[in-house]
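The next block holds one structure in the form of structure tokens; read it before the comments.
Read-outs: derived from the displayed coordinates by stated rules, not from any lab. All figures in this text were calculated on a predicted structure; none of them were measured in a lab. Cβ atoms come from the backbone with ideal geometry, glycine included; neighbour counts cover every protein chain shown.
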Ligand SMILES: C[S@@+](CC[C@H](N)C(=O)[O-])C[C@H]1O[C@@H](n2cnc3c(N)ncnc32)[C@H](O)[C@@H]1O
């Protein structure tokens with residue numbers, strides 16, 4: 001039976017790959033990576049570097065790119081559009097498994113950060129298994145998330161005492177026009193612009209990070225009203241310079257700041 005290892009590789013620093021992930025990488029005969037095109041080539045380079053650094057037998061594995069299918073980002077029915085996109089991805093993943101992995105081969109999917117956080121690989125795996133054309137067993141190896149690197153670099157606990165943790169997307173923050181009701185903090189991911197720039201709340205602070213964990217890392221923090229424009233400009237400049245950007249930020253209402261101690 002084929003075996004698939006879904007390996008979280010951290011968000012940008014080969015030192016953030018866990019010992020368990022290194023051992024899993026060393027078992028893989030084929031490493032599958034999703035090729036998002038030139039624009040995101042920085043990510044592929046990092047994955048190559050992780051394989052070079054952490055796989056002991058460099059002749060003992062192959063890297064196979066899986067093309068990313070086109071996605072309808074303007075569809076009115078968001079859930080359906082994502083479902084259709086996942087179907088297309090499942091078909092491409094399945095074809096790659098059939099073509100490149102023997103019946104008893106071991107393959108690895110390298111996943112940015114951790115596979116449980118805003119990543120569709122595990123949903124795709126379920127879809128492939130449901131299609132029934134290529135049976136396999138699979139395991140998930142956790143990785144360090146971009147959220148953990150963000151809080152480490154800003155030297156912050158993620159929650160304050162008794163506070164819940166909320167992780168959301170730029171789209172939801174834009175729709176809500178601020179923090180969701182009843183919350184004093186939220187981590188924002190997947191924000192193509194900087195949705196928080198539209199929030200008028202003098203009590204909010206922001207802790208922002210781009211290319212976290214990599215040599216290109218940029219951190220900005222301060223009162224949202226004071227640094228929002230700076231973050232917007234910095235994002236534009238960085239996107240032009242690198243051709244891509246990934247950023248994450250924590251919004252926090254300071255008036256509720258009871259203590260920096262963790263629970
Ligand atoms: C598809 S999600 C993947 C998240 C990933 N699974 C994780 O555990 O961090 C992509 C989003 O993660 C965040 N992200 C991932 N890597 C990052 C990095 N190195 N620096 C800043 N943000 C990052 C960004 O918000 C980006 O839009």
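Modelled this way, with points 7 Å down the Cα-to-C-beta line, the labels at residue 154 and residue 131 are 4.0 nm from one another. Classify the stretch 42-155: rounded, prolate or oblate, from the alpha-carbon gyration tensor (a ≥ b ≥ c, eigenvalue square roots; a/c under 1.5 rounded; otherwise prolate if a/b is larger than b/c)? The shape class here is oblate. Mean residue ellipticity, 222 nm, helices only, the chain: the sum of -39500 (n - 2.57) across DSSP H runs of n ≥ 4, divided by residue count and rounded to 500, is -11000 deg cm²/dmol. For the pair residue 123 and residue 75 in one chain, pulling the backbone fully straight at 0.36 nm per residue adds 15.2 nm over the alpha carbon distance. By other beta-carbon atoms within 10 Å, ranking 19, 64, 31 with the fewest at the front produces 19, 64, 31. Taking every pair of alpha-carbon atoms in the stretch 124-263, give the share separated by more than 24 Å as a whole percent. Across the stretch 124-263, Cα pairs with separations above 24 Å total 37 percent. Between residue 217 and residue 84, the modelled labels are 4.1 nm apart [label points 7 Å from Cα along Cα→Cβ]. In whole angstrom, note down how far apart the Cα centers of the stretch 97-134 and the stretch 1-40 are. Their Cα centres are 12 Å away from one another. If you run the Gaussian network model on the chain, springs between alpha carbon atoms under 10 Å, then out of 87, 247, 114 the most flexible one is 87.
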